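One structure below.
The values are calculated or read from the model by the stated rules, or taken from the named source; none is laboratory data. Computed from a prediction, not measured in an experiment: that's the story for all the values here. Positions of Cβ are backbone-derived with ideal geometry, glycine not excepted, and every protein chain shown enters the neighbour counts.
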Amino acid sequence: MIRKEEKLIARGLSPPGPLLMLKKKLGEIELNGYLRVIVSTSEAADEIISYFREISAEYELDRVGDDYHLIIDLDSCEDV
């Protein structure tokens, strides 16, 4: 079975912009499948990683060109 992947593009935004967008998105979608968050700074990536750890989410970080792709397993989220 193929799991769906939602996408949140937050390129060019400084913290806390991407994190605020992420929290809003998590409130709007079903927590199953994956969510790919795309940011353009290491600071934004670090802030989102800290949040993923807070909610005990499993995630993966990939570098694609100049962007950071953070892929969260929505099934693993707690306290969202």
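Looking across segment 36-51, not a single residue is among the basic types (Lys, Arg) and surrounded by fewer than 14 Cβ atoms within 10 Å (Cβ to Cβ).
Cβ separations smaller than 9 Å between residues 6+ apart or across chains give the following pairs from segment 50-69 residues that are assigned to a loop (DSSP other than H, G, I, E, B) to residues that are at pLDDT below 95 and loosely packed, with under 11 Cβ neighbours inside 10 Å: Ile55/Glu78; Ile55/Asp79; Ser56/Glu78; Ser56/Asp79; Ala57/Glu78. Among the residues of segment 40-49, just one is under 19 Å from Gly27 (Cβ atoms) and either hydrophobic (A, V, I, L, M, F, W, C) or assigned to a strand (DSSP E or B) (or both), namely Ile48. Within segment 20-35, does at least one residue satisfy the condition of being among the polar types (S, T, N, Q), surrounded by fewer than 17 Cβ atoms within 10 Å (Cβ to Cβ), in a loop (DSSP other than H, G, I, E, B) and over 9 Å from the mean Cα position of the chain (by Cα)? Yes, some residue in segment 20-35 is among the polar types (S, T, N, Q), surrounded by fewer than 17 Cβ atoms within 10 Å (Cβ to Cβ), in a loop (DSSP other than H, G, I, E, B) and over 9 Å from the mean Cα position of the chain (by Cα).
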